[in-house]
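Working notes, structure below.
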Amino acid sequence: MAVNGEVSFWYAAGGVPVPGPPLPGSADVDVCIVGGGYTGLWTAYYLKKAEPSLRIALLERRFCGYGASGRNGGWLYNGFAGRGAFAKRYGWHPAAAMQRAMDEAVGEVVDVAAAEGIDADIVRGGVLEVARNKAQLERLRAFAEAEQAYGPGRVELLGAKEAADRIAVAGVLGGTWSPYGARIQPAELVRGLVRVVRELGVEVHEGTAVTTILPGTAYGRPRAVTPHGTVTADHVLRATEGFTAGLRGERRTWLPMNSAMIATEPLPAAFWADAGWQGREVLGDFAHAYMYAQRTADDRIALGGRGVPYRFGSRTDSDGGTQVETVRQLRGILNRFFPAAAQARIDHAWAGVLGVPRDWCATVELDRASGLGWAGGYVGSGVTTTNLAGRTLRDLVLGRDTELTRLPWVGHTVRRWEPEPLRWIGVHAMYAAYHAADRQEAAGRSTTSPIARVADVVSGR
């Protein structure tokens, strides 16, 4: 393994960004955005496009894209955290409206990138998900049937040969393909958005850690407090996702779940001739501890999954470094899926955190009494969801009543996570159960393991 950490492979070619100028001192603006990932950048972009006169300050602890936005698997797709829960709590029609909005958001990102000259290696090849044992195949078929309720043609159910004709995954028994997906280079999308929002006049202050967000009161407006000064605004919007626990008072709001990835060396033409993957689909599976992968622009396989799922006390990683055992586990998945790549060198390994609410549902909110807003809790499906969040926060800040502000995730309330050590015990027990369930199913069980069913109930998924 050539590199472990250094934020992620996605920065290997262009280098890790040098942070821009920090906040020069206390400031007064219309909107202060805390967090320089996709959520913050999309929100700044859409607000400035809608109201160019708005004074917007975006504060980022390290550099824009340091978190999940610059480390993820590059899945621009229409999945989001919470559809089933929203349907149960608010009804099918609101959940379906949310799903339509997510379907459209895939194309919105592609269109904005083209319009703004952002080259993020986008290929709209769709999403291929595969089953490699009988229990996974049962879940895959149930998934395909459930998708039809949200509209015809949403997914195509594939037999073993049809799935293998797209990507020759070893041992594939079946698959689904959805057109609502694209492969992207995550860090290049961040770089492009940073360039665009700066050109629009957004004040981007990197190397500026926000320690506390204070609500507005009858005596003053909301504020974001940093070592460099305090930013006072009409609205302060939190867009910190997996790093939310680092803010004062937010340790139990969203759990920072770890995910890790590896990238191979560029693979030869002979490998791709056998493996296919000509459509550059993003690839996933129906394991409980699932994997996700893409074929990169320079013909590598970038593949991810769960390693050590959670660090005690909601601690986050150091610049993407990941454990040797996690790399070994991901290498094992690569070898099982693509035996012909078993001797390929692993050029890079890295990790990052994603934000997980207690009910596994993403949310958007703006509290007009305090002036505070937020979006997040994407549970790993944030590349597209952040775009929808940015447009929704725009409408909320501007006081618009729109189809977006009426979606069920707006104002959805979530209880806080349990205190330690219950949080650590629960998360590690949950993923131990999912791994045990995967082993049972790989050994020949034909239906979903009861261990996984119990874990789903206990975890609140």
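With the checklist (1) part of a loop (DSSP other than H, G, I, E, B); (2) buried (at least 20 other Cβ atoms within 10 Å of the Cβ) in hand, flag the one item R62 doesn't pass.
Of everything listed in (1) part of a loop (DSSP other than H, G, I, E, B); (2) buried (at least 20 other Cβ atoms within 10 Å of the Cβ), R62 misses just condition (2).
Being touching a His at 6+ places or on another chain (Cβ under 8 Å), of a type in the set (A, V, I, L, M, F, W, C) and open to solvent by 30 Å² or more (accessible area, probe 1.4 Å), is that true of even one residue in the range 11-18?
Yes, because at least one residue in the range 11-18 is touching a His at 6+ places or on another chain (Cβ under 8 Å), of a type in the set (A, V, I, L, M, F, W, C) and open to solvent by 30 Å² or more (accessible area, probe 1.4 Å).
Select the strands (runs of 3 or more DSSP E) contained entirely in the range 121-184, then report the ones holding at least 3 residues which are in contact with a helix residue (DSSP H, G or I) (Cβ under 6 Å, 6 or more places away or on another chain) and surrounded by fewer than 22 Cβ atoms within 10 Å (Cβ to Cβ).
none
Closer than 29 Å to G460 by Cα and in a loop (DSSP other than H, G, I, E, B): is that true of R391 in this structure?
So R391 does not fit the description; no.
Exactly one of these conditions fails for G399: (1) under 30 Å from A50 (Cα atoms); (2) more than 23 Å from the chain's Cα centre (by Cα); (3) open to solvent by less than 30 Å² (accessible area, probe 1.4 Å). Give me its number.
Condition not satisfied by G399: (3).
Determine if the range 357-374 includes at least one residue that is open to solvent by less than 10 Å² (accessible area, probe 1.4 Å), part of a strand (DSSP E or B) and out of contact with any Lys or Arg (no Cβ under 8 Å at 6 or more places or on another chain).
Yes: the range 357-374 contains one or more residues that are open to solvent by less than 10 Å² (accessible area, probe 1.4 Å), part of a strand (DSSP E or B) and out of contact with any Lys or Arg (no Cβ under 8 Å at 6 or more places or on another chain).
Looking at the range 209-237, which of its residues are in contact (Cβ under 8 Å) with a residue 40 or more places away in the chain, more than 23 Å from the chain's Cα centre (by Cα) and not in a strand (DSSP E or B)?
Once the filter is applied, which keeps residues that are in contact (Cβ under 8 Å) with a residue 40 or more places away in the chain, more than 23 Å from the chain's Cα centre (by Cα) and not in a strand (DSSP E or B), the range 209-237 yields P215, G216, R221, P222, H228.
If I ask for residues that are open to solvent by 50 Å² or more (accessible area, probe 1.4 Å), touching a residue at least 12 places away in the same chain (Cβ under 8 Å), of a type outside the set (F, W, Y) and part of a helix (DSSP H, G or I), which ones from the range 304-330 would you list?
Across the range 304-330, the qualifying residues are E325, Q329.
With the requirement that a residue be surrounded by fewer than 20 Cβ atoms within 10 Å (Cβ to Cβ) and farther than 13 Å from Y310 by Cα, what does the range 417-440 give you?
Listed by number, the residues that qualify are E418, P419, H435, A436, R439, Q440.
Do we find that R445 is basic (K, R), in a loop (DSSP other than H, G, I, E, B) and surrounded by 13 or more Cβ atoms within 10 Å (Cβ to Cβ) in this structure?
When the stated conditions are applied, R445 passes them.
Every residue in the range 290-303 that is touching a helix residue (DSSP H, G or I) at 6+ places or on another chain (Cβ under 7 Å) and open to solvent by 20 Å² or more (accessible area, probe 1.4 Å), please.
Scanning the range 290-303 gives a single hit, D299.
Across the range 238-274, what is the total count of residues that are open to solvent by less than 20 Å² (accessible area, probe 1.4 Å) and either in a loop (DSSP other than H, G, I, E, B) or hydroxyl-bearing (S, T, Y) (or both)?
Qualifying residue count for the region: 7.
For the structure I just gave you, tell me whether L396 is in a loop (DSSP other than H, G, I, E, B) and among the hydrophobic types (A, V, I, L, M, F, W, C).
The answer is no for L396.
Here is a yes/no grid of residues against (1) closer than 30 Å to D285 by Cα; (2) of a type in the set (V, I, T); (3) in contact with a helix residue (DSSP H, G or I) (Cβ under 7 Å, 6 or more places away or on another chain); (4) not in a helix (DSSP H, G or I):
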site: V7; (1), (2), (3), (4): yes, yes, yes, yes
site: V16; (1), (2), (3), (4): no, yes, no, yes
site: L76; (1), (2), (3), (4): yes, no, yes, yes
site: R89; (1), (2), (3), (4): yes, no, no, no
site: A96; (1), (2), (3), (4): yes, no, no, no
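The values are calculated or read from the model by the stated rules, or taken from the named source; none is laboratory data. For clarity, every value in this text was computed on a predicted model and none was experimentally measured. Here the Cβ is made from the backbone with ideal geometry for all residues, glycine too, and neighbour counts use every protein chain on show. We work out accessible area using only protein heavy atoms, side chains counted, and drop any ligands, DNA or RNA first. Shrake-Rupley method; radii C 1.70, N 1.55, O 1.52, S 1.80 Å.
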